[in-house]
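Written below as structure tokens is the structure these notes are about.
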Amino acid sequence: MTQVSSSENGMPLTSGQLDAYLARVGVDRPGSLDVDSLSNLHCAHLMAFTWEALDAFMGWPCSIAPAATFAKMVEGKRGGWCYEMNGLFGAALAALGFRVTRLCGGVDREMMGDVAIGNHLTLRVDLDRPYLADVGVSDAIVEPVPLAAGPISQRGFEFSIIPTDDGWLRFKNHARGMAHSFDFRPDYSDEAAIASTLGWLTQDPGSPFTNALAVLRHTADGYIALKNDCLRSVTATSVSEQRITSADHLADTFNAIFDIDVPEPGRVWEKVQTVSRDEAT
């Protein structure tokens with residue numbers, strides 16, 4: 001196999017892996033590298049993969065190394081969170097010949113301050129102009145957007161990119177979004193900060209991912225999100241909820257709604273119940 005890599009992101013992807021990735025998301029190699037093909041790939045990735053942070057929630061081994069992400073998401077029947085979703089997507093884009101830069105972001109930096117820097121990986125793709133590509137914010141954009149300040153509207157959901165007072169750009173999620181915002185700079189990459197924050201997100205009791213089950217999958221007009229035992233179906237104009245009531249119900253939900261193969265769903269349900277009891281006290 002010929003190994004393809006990008007000096008922009010340092011993430012090698014073999015041509016065989018690229019073929020397997022494209023088969024997994026259900027698209028052919030694009031005939032040209034333009035915004036239409038980027039948008040098609042961006043949307044296909046989000047419709048094929050579920051966003052999930054089960055490894056952090058359950059304390060299972062977690063690696064964002066390219067080989068581990070590929071094995072988990074492409075060869076296996078699992079999803080991933082921002083480091084994995086955007087990492088895999090960026091690696092595929094680079095292998096196709098897109099000019100990709102991994103950017104170090106900070107979810108909810110507007111509230112947390114600079115301690116948030118590194119808790120998010122996002123992507124810049126340079127075509128006729130720079131674009132923000134992000135398949136890792138769970139419930140946000142489904143297509144790339146110009147990397148510039150201004151309003152954004154997709155599928156009836158309203159987003160925006162605004163400049164901050166200290167020189168960053170802030171992506172503002174829609175009103176119902178789980179993550180309110182993330183900050184980034186178009187030229188700021190910091191793999192060390194990402195690696196450092198990864199440990200906190202996967203191991204610290206204060207991490208939002210160790211103390212809550214979070215799973216999400218996009219649909220044609222919105223998304224379906226599971227937080228602990230609450231399953232929400234969201235569109236731009238409606239929200240409906242139902243409760244997960246048993247381990248079997250949770251296992252069926254993982255399989256039928258999120259299309260992921262989760263080991264030991266009974267243990268996951270036990271932890272969900274523990275978290276729910278702790279929240280109630």
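Odds and ends about this structure:
- Residue among V275, V268 that is modelled with pLDDT under 95, over 18 Å from the mean Cα position of the chain (by Cα) and assigned to a helix (DSSP H, G or I): V275
- Some residue of segment 204-223 being free of Cβ contacts under 8 Å to residues at least 12 places away in the same chain, in contact with a Ser or Thr (Cβ under 7 Å, 6 or more places away or on another chain) and more than 18 Å from S138 (Cβ to Cβ): yes
- All helices (runs of 4 or more DSSP H) inside segment 35-140 with 1 or more residues being touching a residue at least 40 places away in the same chain (Cβ under 8 Å) and within 19 Å of G199 (Cβ to Cβ): 54-58, 66-70, 82-96, 109-112
- So A179, is it part of a loop (DSSP other than H, G, I, E, B), in contact with an Asp or Glu (Cβ under 7 Å, 6 or more places away or on another chain), among the small types (G, A, S) and modelled with pLDDT under 95: yes
- Any hit, segment 172-184, residues being buried (at least 17 other Cβ atoms within 10 Å of the Cβ) and more than 16 Å from the chain's Cα centre (by Cα): no
- Every condition in (1) at pLDDT 95 or above; (2) touching a Gly at 6+ places or on another chain (Cβ under 9 Å); (3) of a type in the set (S, T, Y) is met by S153 except one, and the failing one is (2).
Rundown of residues vs (1) in the same structural domain as V115 (by TED's automatic domain parsing); (2) exposed (fewer than 15 other Cβ atoms within 10 Å of the Cβ); (3) of a type in the set (D, E); (4) assigned to a loop (DSSP other than H, G, I, E, B), yes/no style:
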| site | (1), (2), (3), (4) |
| --- | --- |
| S160 | yes, no, no, no |
| D166 | yes, yes, yes, yes |
| D187 | yes, yes, yes, yes |
| A192 | yes, yes, no, no |
| S196 | yes, yes, no, no |
| A225 | no, no, no, no |
| L231 | no, no, no, no |
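- Summed over segment 198-212, residues that are within 14 Å of V107 (Cβ to Cβ) and not in a loop (DSSP other than H, G, I, E, B) total 3.
- Residue tally, condition in contact (Cβ under 8 Å) with a residue 40 or more places away in the chain and in a loop (DSSP other than H, G, I, E, B), over segment 142-158: 5
- Residue check, T101 surrounded by fewer than 15 Cβ atoms within 10 Å (Cβ to Cβ) and either in contact with an Asp or Glu (Cβ under 6 Å, 6 or more places away or on another chain) or closer than 27 Å to S207 by Cα (or both): no
The values are calculated or read from the model by the stated rules, or taken from the named source; none is laboratory data. Source: prediction; values computed, not measured. We place every Cβ from the backbone using ideal geometry, glycine too, and count neighbours over all the protein chains shown.
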